[in-house]
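Data first, discussion second: the structure below is written as structure tokens.
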Amino acid sequence: MKLRLGAAVLSAALISTTAFTTAAPATAGPGTDVTPPEVGTCHDLTWEEYYAKFEPEAAIDCATRHTSLTVRVTQYESVPDDWGQVITDDYTPCLKDAVTATGGDAAQYQMTSYSITFYRPTRAQQQAGAAWLRCDVVLRGGHETLAPIPQDVVLTGLRPPANVRKCRLGSAADYELTVCTRRHKYVAYTTAHMRDDRYPGERAAKRFAGRKCNDLIGGAPFVYEWVPNKFYWRAGLRNAVCLPLDD
């Protein structure tokens, strides 16, 4: 028996670019900090901060518990007029940097619960001239929670370790993404690489994933993921992921 994850579930990691609107700029107060973030810094984000538009937390010591790692910072000469387009343009480069920061193996990355998120300066910072986009990698940990990122995030071995490995809950929980050290129903077991010269489109990617995972998993119940869009494809994330029922 095979189960499929809906496209809306699979594309949830792709943060909507249409939701970002330009608000009236705030007045920058004296001493507004416009220092851009730094790649390699860590942050202790809550679930609400994960979905925030603006930089929500100051950096903390990476030796302490943290839920995000900054993997890319893009600076601009002036504050962009369209932040949504800026995020769209930076999405593939950020995915590439997320893969590099976690070990450089695309197939292993796709078998993890890592996701990316973007932050821009606050309105006050923008008014003071701050013009940068920060991209963080986070670790999804179940219903409206983030899991702590290991201090050593490099992926090694045949499959990712359980504390970062991708698992999903059941249908009653909308197949939410989590790490495998937490309650789950399906576990990432293997991947199948698409060898097309260019992204074939979501429908073809979905068919490929269903067929290959059915061959690889056999008769056990499973869910599968396909390459959801060209952003992933251009970042080298060209694998279907097969998640059998974890008995």
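The values are calculated or read from the model by the stated rules, or taken from the named source; none is laboratory data. Here the structure is a predicted model, which is why all the values come from computation and not from measurement. With ideal geometry, Cβ positions are generated from the backbone for all residues, glycine too; neighbour counts draw on all protein chains shown. When the accessible area is computed, the model is the full protein with side chains, heavy atoms only, and any ligands, DNA or RNA have been set aside. Shrake-Rupley method; radii C 1.70, N 1.55, O 1.52, S 1.80 Å.
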Legend entry - Residues of the range 144-185 satisfying the condition of being among the polar types (S, T, N, Q) and more than 22 Å from His66 (Cβ to Cβ): Ser171
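Per-residue answers, yes or no, for (1) touching a residue at least 40 places away in the same chain (Cβ under 8 Å); (2) more than 21 Å from Ile149 (Cα to Cα); (3) surrounded by 14 or more Cβ atoms within 10 Å (Cβ to Cβ); (4) of a type in the set (A, V, I, L, M):
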| site | (1), (2), (3), (4) |
| --- | --- |
| Leu45 | yes, no, yes, yes |
| Glu48 | no, no, no, no |
| Pro56 | yes, no, yes, no |
| Ala59 | no, no, yes, yes |
| Ala63 | yes, no, no, yes |
| Val73 | yes, no, yes, yes |
| Ser78 | yes, yes, no, no |
| Gln85 | yes, yes, no, no |
| Lys96 | yes, no, yes, no |
Legend entry - Within the range 203-226, tally of residues that are modelled with pLDDT under 95 and part of a strand (DSSP E or B): 0
Legend entry - Residue in the range 128-141 that is surrounded by the fewest Cβ atoms within 10 Å (Cβ to Cβ), counting only those that are over 16 Å from Val71 (Cβ atoms) and touching a residue at least 60 places away in the same chain (Cβ under 8 Å): Gly129
Inset, instruction - Being at positive phi and out of contact with any Phe, Trp or Tyr (no Cβ under 7 Å at 6 or more places or on another chain) narrows it down to one of Gly170, Gly201, so name that one. - result: Gly201
Legend entry - Scope the range 73-119; condition in a strand (DSSP E or B) and within 24 Å of Arg168 (Cα to Cα); matching residues: Thr112, Tyr114, Ser115, Ile116, Thr117, Phe118
Inset, instruction - Quick one: count up the residues across the range 227-247 that are assigned to a loop (DSSP other than H, G, I, E, B) and either among the β-branched types (Val, Ile, Thr) or open to solvent by 10 Å² or more (accessible area, probe 1.4 Å) (or both). - result: 8
Inset, instruction - Report, by residue number, each residue of the range 168-217 that is among the acidic types (Asp, Glu) and within 18 Å of Arg234 (Cα to Cα). - result: Asp196, Asp197, Glu202
Inset, instruction - May I ask you to verify whether Ala28 is modelled with pLDDT under 95, small (Gly, Ala, Ser) and crowded, with 16+ Cβ neighbours inside 10 Å? - result: yes
Inset, instruction - Sort through Ala106, Ala98 and tell me the only one that's at pLDDT below 95 and hydrophobic (A, V, I, L, M, F, W, C). - result: Ala106
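Table: residues versus (1) of a type in the set (Asp, Glu); (2) over 16 Å from the mean Cα position of the chain (by Cα).
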residue	(1), (2)
Asp81	yes, yes
Thr100	no, no
Tyr119	no, no
Ala128	no, yes
His143	no, no
Gly157	no, yes
Val164	no, no
Inset, instruction - Given the conditions (1) over 24 Å from Tyr91 (Cα atoms); (2) open to solvent by less than 60 Å² (accessible area, probe 1.4 Å), report the number of the one that Arg120 does not fulfil. - result: (1)
